[in-house]
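Undergrad: There's a structure below that I have some questions on.
The values are calculated or read from the model by the stated rules, or taken from the named source; none is laboratory data. Just so it is clear, the model here is predicted, and its values are computed rather than measured. Neighbour counts run over all protein chains shown; Cβ positions are idealised from the backbone, glycine included.
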């Protein structure tokens, strides 16, 4: 696991901790104003924690080097 991957996972878990903190603060103060902020951090943590697969390259049926030029 590379250092970038570790940092991404650490940031995702940190954002989940912030979500839990805002949920507890909203429950403690009986205030729903914490909900949008917690929702934003929840989305951000999902972006960081979802595993990335290998990206597929689209070539659109064009073979590199198939172009013979103009002459």
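Undergrad: Give the number of residues within the range 46-71 that are closer than 30 Å to residue 8 by Cβ and either part of a loop (DSSP other than H, G, I, E, B) or modelled with pLDDT under 65 (or both).
TA: Number satisfying all stated conditions: 10.
Undergrad: Let me ask something additional. Considering (1) surrounded by fewer than 13 Cβ atoms within 10 Å (Cβ to Cβ); (2) in contact with a helix residue (DSSP H, G or I) (Cβ under 7 Å, 6 or more places away or on another chain); (3) modelled with pLDDT of 95 or more, say which one residue 43 fails and leave the rest.
TA: With respect to (1) surrounded by fewer than 13 Cβ atoms within 10 Å (Cβ to Cβ); (2) in contact with a helix residue (DSSP H, G or I) (Cβ under 7 Å, 6 or more places away or on another chain); (3) modelled with pLDDT of 95 or more, residue 43 is out only on (2).
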